[in-house]
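The values are calculated or read from the model by the stated rules, or taken from the named source; none is laboratory data. As the structure is a prediction and not an experimental result, all values here were calculated from the model. Cβ sites come from the backbone with ideal geometry, for glycine too, and all protein chains shown count toward neighbours. For the accessible areas, the whole protein counts, side chains as well, though only heavy atoms, and no ligand, DNA or RNA atoms are used. Shrake-Rupley method; radii C 1.70, N 1.55, O 1.52, S 1.80 Å.
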Amino acid sequence: MNIWCISKYASIPPYGTGARLFHLTKAFIDLGHNAILVTSDSTHLAQYPSTDKVYNYAEPEGVPVYWLKTIKYRKSFTVARVDSRLDFERRLFGFKADQLAKPEVVIISSLSIFSIVYGLYLKKKFKAFLVLEIRDIWPLTMTEEAGFSDFHPLVLFIGFLEKIGYKHSDLIVGTMPKLDVHVNNVLGYSRPFHCSPLGFKEENYVDQVLDAEYNPFNDVFPKNKVVIGYSGSMGISNALDPFINLIYMLRDNQDIHFMLVGSGDLKKQYKKQLSECSNVNFLPKIGQDEVKYFLAKCDIVFLSTKPSKVWDYGQSMNKVVEYMLAGKPIIATYTGFPSMINEADCGVFIKSTASREVEKDIKVALLEMVSLSKEEREEIGKRGQDWIKSRRSYRLLAKEYLGKIFEEIKKSGVKDK
């Protein structure tokens with residue numbers, strides 16, 4: 001089949017580490033299909049070269065990529081970010097689609113959901129099978145995480161696009177397991193659905209060299225301590241306050257040490273709050289390709305989320321994949337639909353919402369894991385590592401994705417395949 005994958009934020013190597021949709025596009029090609037990726041240069045996860053050209057072409061790792069020069073922005077939930085998305089949609093309609101082999105399948109992957117307009121255009125123009133892929137549920141994320149009113153004009157507009165997309169796409173794909181429930185809530189009826197979760201690039205984990213002598217974190221981590229690691233942002237939405245308070249509470253425990261890596265608006269505040277504690281180190285933000293080396297040095301890893309209706313439909317976090325691949329026991333504060341960690345039995349969910357209860361439950365779970373032997377902790381982590389490796393490679397996800405597309409094409413009669 002000829003497959004067009006379109007997403008504003010699908011970063012590509014060598015300008016970034018490569019987003020999920022890039023790896024899926026490559027896997028589609030490896031499985032014998034003709035696939036292209038259309039994306040933009042406006043993403044905080046990549047640095048594209050400066051150019052005066054609007055429409056640019058690259059072929060990293062054999063994947064035909066058309067990247068569009070668009071308006072840049074610096075912060076989320078700003079007018080500039082909305083302008084950037086609208087600019088991408090405008091540029092899409094100037095894309096020389098007729099010069100390429102016509103698509104039989106079009107995958108529109110959010111963010112930005114604005115691109116569903118172009119997807120509907122391609123569906124009508126080429127009689128293509130249209131897939132709407134949701135990686136972040138908007139506008140629900142806006143109202144839950146950013147405090148937007150349900151009646152804000154942008155919320156209403158995005159909600160309109162969401163409803164149109166759910167109604168007129170041939171297949172809805174979600175990276176979260178229960179998106180179909182949300183779709184039913186929005187439309188009042190069900191639509192063809194497939195869950196295609198986040199995955200990993202097998203080549204990055206073929207040779208287990210993470211504990212080798214050249215691990216860049218060898219001289220940073222303390223010796224003879226049980227190390228609890230956190231990797232990620234440190235902002236309001238990360239809900240780290242109970243964890244930070246716990247670090248302070250355990251400041252006199254000589255067996256435990258905390259290592260936090262990343263950046264965020266609250267990092268400075270947290271460092272000041274724990275300035276007199278010798279049981280914690282804050283490291284600078286590191287590159288995506290360095291995270292696995294950091295996690296390899298940890299004994300236990302911590303994940304925190306803010307209670308939100310978004311989680312009712314399941315989580316879709318890269319961090320969970322990274323933590324499980326690292327083979328470490330996981331403690332996660334998470335109140336939504338459980339998946340992965342519980343399925344693999346490689347950690348615990350803290351489902352409390354009151355701050356003091358969260359601190360108490362994290363402490364109980366943490367001290368219980370610390371009391372285990374190193375071998376027992378490694379066994380727990382190995383369960384998660386084996387589970388994720390057997391289920392979440394991009395090649396396997398691509399096979400399942402295509403299988404669902406073929407199934408729905410056969411049902412709908414869109415194509416005689």
Problem set entry | Net charge dipole size for region 337-417 [Lys, Arg +1 and Asp, Glu -1 on Cβ; Debye, nearest 20] | 540
Seminar exercise, completed: With +1 at each Lys and Arg Cβ and -1 at each Asp and Glu Cβ, the charge dipole magnitude of the chain around its Cα centre, to the nearest 20 debye, comes out at 1280
Seminar exercise, completed: Of the convex hull enclosing the alpha-carbon atoms of region 1-111, the direction-averaged projected area in nm² is 6.6
Seminar exercise, completed: Of region 310-345, those with amide N under 14 Å from the point 7 Å along the Cα→Cβ vector of Leu45 are 316-322
Exercise. Among the trypsin sites (Lys or Arg not before Pro) within region 156-250, which fall in a DSSP loop and have no more than 13 other Cβ atoms within 10 Å of their own Cβ?
Worked result: Lys223
Exercise. Taking a 1.4 Å probe, which of Arg135, Arg81 shows the most accessible area, and what order do the others take after it?
Worked result: Arg135, Arg81
Problem set entry | Residue with peak Gaussian network fluctuation, the chain [Cα springs, cutoff 10 Å], from Glu144, Glu162, Glu213 | Glu213
Problem set entry | Leading residue at positive end of dipole, the chain (Cβ point charges), from Phe157, Ala326, Gly174 | Phe157
Problem set entry | Size of charge dipole - region 102-239 - debye, nearest 20, with Cβ of Lys, Arg +1 and Asp, Glu -1, no other charges | 760
Exercise. Can you work out the base-10 log of I(q)/I(0) for the chain at q = 0.15 1/Å, using the Debye formula on its C-alpha atoms alone?
Worked result: -1.50
Exercise. Cα gyration tensor of region 206-317, axes a ≥ b ≥ c as square roots of the eigenvalues: rounded (a/c below 1.5), prolate (a/b > b/c) or oblate?
Worked result: oblate
Exercise. Antiparallel DSSP bridges in the chain: what percent, to the nearest 5?
Worked result: 10
For this session: Using +1 at the Cβ of each Lys and Arg and -1 at the Cβ of each Asp and Glu in the chain, identify which of Ser278, Phe114, Ser7 lies farthest towards the dipole's positive end.
Result: Phe114
Exercise. GNM on the chain, C-alpha springs below 10 Å: top fluctuator among Thr335, Thr141, Thr51?
Worked result: Thr51
Problem set entry | Sparsely packed GluC sites (Glu not before Pro) within region 263-363, loop by DSSP, other Cβ within 10 Å at most 16 | Glu276
Problem set entry | Over the chain, relative contact order from alpha-carbon pairs under 8 Å, at least 6 apart, % | 13
Problem set entry | Rounded Å value of the spacing that divides the Cα centres of region 89-148 and region 280-321 | 29
Seminar exercise, completed: Rounded to the nearest 5, the percent of antiparallel DSSP beta bridges in region 11-112 equals 55
For this session: Have a look at Leu100, Phe22, Ser42 and report the one farthest towards the positive end of the charge dipole of region 1-159, computed about the Cα centre with Cβ charges (Lys/Arg +1, Asp/Glu -1).
Result: Leu100
Exercise. Top mean-square fluctuation among Tyr205, Tyr214, Tyr121, Gaussian network model of the chain, C-alpha springs under 10 Å?
Worked result: Tyr214
